[in-house]
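Have a look at the structure below, then the notes.
What follows draws every value from the coordinates through simple rules; no lab data is involved. Worth saying up front: this structure is predicted, and the values here are computed from it rather than measured. Note: ideal-geometry Cβ built from the backbone for every residue, glycine included; neighbour counts use all protein chains shown.
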Amino acid sequence: MKNHQWVTLTLALLLFAVTTSTPLQADIVNFGVDIKSNKTSSPVGFYNGQPAKGGNNGALLFSFDRQLEFSIGTPGLSANTLEGFELFLDAELVESSDQFKIYLFDGTIPVLIGSAADSSRIATKIPVEAGPVETHINTVYAGDVDNTFFHFGPASQFSDEILNGALKVRIQQANGIARLDGVNLQVDYALVSPPLPPIILDDPNLPVDSDLPSSPVSHHPEPATVILLGSGLAGLALARAKRFKKARSTGN
C-alpha cells in the first residue's frame, strides 16, 4: 500500500474513534409516589398533587403517629450521569408553628434536608412534568397550599442512591399535625447517546494490494482500541515513508 493510502486509512480510523464516542444530552424524568391514608405508598409516574394521582387522601402525622418512611423507585438511570434533582412534597394542614422534618437516606444514614413548609411561606405550585427542574405552575384546585421544594445539584450525596434505583425518604413529626399526600422526584440527567453508524472503509478510488481484502469491512471496536490501532498504523506509515526515501536516495 502506498504512503498516501496509509495516511488516509489512519485518518479515517481516528475520525471513527472520535465520532463513536458517547456524547451526552440532557433529559428529565419524574418518579412520583402517592402516600395513602394507611401510610402505604405506590408509584404513580408523575405526581402532581391532583386527586387522580392520589392527592388529598394521604397519611396523617401527629404526636401519636409521628413518622412515615417510604422509598421512591428510580429505575433505569444506572448508566447515566445525574445533573441534579428536585423533591416536591405535597402536604396539607401545616401551620406556621408546626415542624415536620424531612430526611433523605445516604445509604443507611438519614440526613436532614429541611422541614415541610406552611402556606404562609410557600406558593400553591406543583412541578411541571416536562421540566426543567425548579420550574413550577399554579395548582388547578384550591386548598393545595403546603407544598415544599428541595433542589439538589449534581454533586449531591444522594446521587448514588438515585442512580442505584431507589431513594429512601423519612418524614418525622416534631410538632403539630399534617397530612402527607405524595411526593414527586424530578431528575435531570445526562443521557448516554447510542454510537453513530460505523464508517465503512471501502473507497473504490483507492488501489488495493493483492494481500488485502477488497470487500467492504465494517467494525464496531472500542474507541481506545481504535486509537491504539490508528497510532500503530501511523507509525507504520512513517516507517514506510522513511524506507521509501532511503531507497530513493540509494538509487540515486
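Most exposed first by the Cβ proxy, i.e. fewest other Cβ within 10 Å, how do Ile109, Ile102 rank?
Neighbour counts put them in this order, fewest first: Ile109, Ile102.
Given points 7 Å out from each Cα along the Cα-Cβ axis, report the Ala130 to His151 separation in nanometres with one decimal.
According to this spin-label approximation, the distance is 2.0 nm.
For a label point 7 angstrom out from the Cα of Ile137 toward its Cβ, which stretches of segment 90-112 have the backbone nitrogen within less than 20 Å?
90-91
Applying the Karplus parametrisation 6.51 cos²θ - 1.76 cosθ + 1.60 with θ = phi - 60° to the phi angles of segment 93-109, what ³J(HN,Hα) value in whole Hz is obtained for each residue in order, glycine and proline being reported as x?
Going residue by residue, I get 6, 6, 9, 5, 8, 7, 9, 10, 7, 10, 10, 10, 9, 9, x, 9, 9 Hz, with x marking Gly and Pro.
5 Å is the cut-off here: which amide hydrogens, built 1.01 Å from N in the peptide plane, fall below it relative to Val44, excluding neighbours closer than 5 in sequence?
Counting only residues 5 or more places away or on other chains, the set is Gly32, Val33, Asp34.
Between Glu95 and residues 5 or more places away or on another chain, which pairs have amide H atoms under 5 Å apart, with H built 1.01 Å from N, and which residues are they?
Ile177
Using only the Cα atoms of segment 24-192, each taken as one equal point scatterer with no solvent, compute I(q) by the Debye sum, divide by I(0), and report log10 of the ratio at q = 0.16, 0.19 Å⁻¹.
For the requested q values the scattering log ratios are -0.88, -1.24.
Under 5 Å between amide H atoms, partner at least 5 residues away or on a different chain: which partners does Gly182 have, H built in plane at 1.01 Å?
When sequence neighbours closer than 5 places are left aside, the close amide H contacts are Ile35, Asp90.
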